[in-house]
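Asker: This is the structure, below, for whatever I ask next.
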Amino acid sequence: MEAGNQTGFLEFILLGLSEDPELQPFIFGLFLSMYLVTVLGNLLIILAIGSDSHLHTPMYFFLSNLSFVDICFSTCIVPKMLVNIQTENKAISYMDCLTQVYFSMFFPILDTLLLTVMAYDRFVAVCHPLHYMIIMNPRLCGLLVFVTWLIGVMTSLLHISLMMHLIFCKDFEIPHFFCELTYILQLACSDTFLNSTLIYFMTGVLGIFPLLGIIFSYSRIASSIRKMSSSGGKQKALSTCGSHLSVVSLFYGTGIGVHFTSAVTHSSQKISVASVMYTVVTPMLNPFIYSLRNKDVKGALGSLLSRAASCL
C-alpha cells in the first residue's frame with residue numbers, strides 16, 4: 001500500500017488512560033478541571049504582566065511567553081482527549097494526529113529553550129546587576145525569543161517531514177491519550193531508522209545542552225550569592241531565582257520521569273499516567289509556582305483582580 005493512498009482515510013485509535021467505561025466520567029471531569037485551571041492560571045499571569053508597568057522587564061517578558069506556551073501545550077492535547085471521551089469515539093484522523101505530533105514536540109522544545117533563556121537572564125541579573133538593562137535590552141530579548149521559536153519550528157518540521165514518508169500497515173491502535181511520536185513509529189511497517197536517530201539526536205541536543213546551560217548559570221549564581229556580604233542582597237537574589245528553579249526542577253523532573261518509566265516498564269498505562277505529569281500537571285502548576293513565590297506577581301494579580309471586581 002502506498003503512503004500517499006493511506007493518508008486520505010487512515011485513522012488511528014487513541015486508547016486513552018483507561019478502557020474502563022466507569023472511569024471515563026471521572027477522567028473527563030479531572031482533565032477538564034486541570035485544563036481550565038491551566039488556561040485560567042497562565043492567562044492571569046499574562047494579563048497581570050501586561051497590565052503592570054513594573055513587570056515590563058526581561059524576566060517577566062520571558063515568563064509571559066512561557067505561560068503562553070503552556071496554554072498552547074495543554075490545548076494541543078487535552079481538548080481532543082475530552083472530545084473523544086464525551087463522544088465515545090477514540091478515532092483521530094491521520095492529519096489530526098500529524099498535527100498533534102507536531103505541536104506536542106514543538107511546545108516542549110519552546111519550554112526547554114525558554115527556561116534556558118530565563119536561567120541566563122537570572123545569571124545576568126545576579127552576577128552583572130549594574131549592566132543588566134544594557135545586556136538584556138529589548139532587542140536581545142526579542143531575538144532570544146525569536147530564536148527559540150525558530151528552533152522549535154524547524155526541529156518539529158524536520159520530524160514531521162520524515163514521518164510523512166512512513167507507511168502504516170499494522171494495527172492502528174495507539175496505547176496513549178495523544179499521538180506521541182514514538183508510539184506512531186511503532187505502528188509503521190516502513191524503515192524508521194532515520195526517525196529514531198533524529199529523536200535521539202535532538203533529545204541530546206535540545207535536552208542535555210540546555211540543561212547544562214541552566215546548571216552552569218545557577219552554579220555561577222550560587223558562587224555570586226556566597227560572595228555577597230549583605231543578607232538582604234542574598235535574600236533578594238534567592239527570591240528572584242527560586243520560582244524559576246522550581247519550574248525547571250518540575251519540568252525536567254517530570255520529563256525524566258516519563259523517559260525513566262518508558263525504560264523500566266512495558267506497561268503503556270503506566271507510561272501514559274507518567275506522561276500526564278509532564279503534559280498536563282506541569283503547565284497547570286507553573287503559574288501557581290510563580291504567583292505564590294513572587295511578591296511582584298502576587299501584587300500585580302491582586303491589582304488585576306481588584307480592577308476586574310470593580311468593573312462588575
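Asker: From the square roots a ≥ b ≥ c of the eigenvalues of the alpha-carbon gyration tensor of the chain, which class results: rounded (a/c under 1.5), prolate (a/b over b/c), or oblate?
Answerer: Prolate.
Asker: A further question on this structure: Size of the dipole of the chain about the Cα centre, Lys and Arg at +1 and Asp and Glu at -1 on the beta carbon, nothing else charged, in debye to 20?
Answerer: It works out to roughly 1740 debye.
Asker: For LEU10, enumerate residues with amide H under 5 Å from its amide H, sequence gap 5+ or separate chain, H modeled in the peptide plane.
Answerer: Correct list: TYR94.
Asker: Something else about it: For ILE215 and GLN186, FRET efficiency with R0 = 25 Å and r from the beta-carbon atoms, rounded to 0.05?
Answerer: 0.15
Asker: Can you give the FRET efficiency to the nearest 0.05 for CYS72 and LEU130, using r as the Cβ-Cβ distance and R₀ = 45 Å?
Answerer: So, using R0 = 45 Å, E works out to roughly 0.80.
Asker: Suppose a student asked you for the relative contact order of the chain, using Cα pairs under 8 Å spaced at least 6 residues apart; what percent would you report?
Answerer: RCO, the chain: 29 percent.
Asker: With a point put 7 Å past each Cα toward its Cβ, work out how far LEU158 is from GLU19 in nm, to one decimal.
Answerer: The two pseudo-label positions are separated by 3.8 nm.
Asker: Additional query: Given a 1.4 Å probe and every protein chain left where it sits, what share in percent of the accessible area of the chain is carbon and sulfur?
Answerer: 69
Asker: Considering the Cα trace of region 190-312, what is its radius of gyration and what is Dmax, both in angstroms?
Answerer: 19.9, 63
Asker: To test your reading of the geometry: what angle, between 0 and 90 degrees and rounded to tens, separates the Cα axis of helix 282-293 from the longest principal axis of the chain?
Answerer: It is inclined by approximately 10 degrees.
Asker: Now for a different question. Can you list residues whose amide H is under 5 Å from GLU173's amide H, if they're 5+ apart or on another chain and H is modeled 1.01 Å from N?
Answerer: ILE13
Asker: Could you tell me which residue out of GLY242, SER64, ILE199 lies farthest along the dipole of the chain toward its positive end? Charges go on the beta carbon: Lys and Arg +1, Asp and Glu -1, centred on the Cα centre.
Answerer: GLY242
Asker: In addition: Want the number for CYS311 to ALA91: 0.36 nm per residue separation, take away the alpha-carbon distance, what's left?
Answerer: 74.8 nm
Asker: Quick one: the Cα spread of region 144-188 along its three principal axes, in angstroms, biggest first?
Answerer: 43, 24, 9
Asker: On a 1.4 Å probe surface of the protein chains, which of LYS295, LYS234, LYS270 comes out largest in accessible area, and what is the full order?
Answerer: These residues rank, largest area first, as LYS295, LYS270, LYS234.
Asker: Can you compute the equivalent ellipsoid semi-axes for region 10-99, i.e. the square root of 5 times each eigenvalue of the Cα gyration tensor, sorted largest first and rounded to whole Å?
Answerer: Each semi-axis is the square root of five times an eigenvalue, giving 34, 16, 8 Å.
Asker: Any chance you could run the full-extension gain for SER53 through LEU238? It's 0.36 nm times the residue separation minus the Cα-Cα distance, nm to one decimal.
Answerer: 64.3 nm
Asker: Can you compute the FRET efficiency between SER231 and GLN269 using 1/(1 + (r/R0)^6), with r the Cβ-Cβ distance and R0 = 45 Å? Round to the nearest 0.05.
Answerer: Computed FRET efficiency for SER231 and GLN269: 0.35.
Asker: Just subtract the alpha-carbon distance of HIS259 and ARG293 from 0.36 nm times their residue separation and send over the number in nm, one decimal.
Answerer: Extra length available between HIS259 and ARG293 comes to 9.3 nm.
Asker: Using bins 5 angstrom wide from zero, how does P(r) for region 61-207 break down, in % of all Cα pairs?
Answerer: Pairs per bin, as whole percents: 2, 8, 16, 18, 16, 13, 10, 7, 5, 3, 2, 1, 0.
Asker: Could you give the accessible area per residue of the chain, probe 1.4 Å, as a whole number in Å²?
Answerer: For the chain, the solvent-accessible area averages 51 Å² per residue.
The values are calculated or read from the model by the stated rules, or taken from the named source; none is laboratory data. Since we're looking at a predicted model, the values are computed, not measured. Positions of Cβ are backbone-derived with ideal geometry, glycine not excepted, and every protein chain shown enters the neighbour counts. Just the protein is used for accessible areas: all its heavy atoms, side chains included, with ligands, DNA and RNA removed. Shrake-Rupley method; radii C 1.70, N 1.55, O 1.52, S 1.80 Å.
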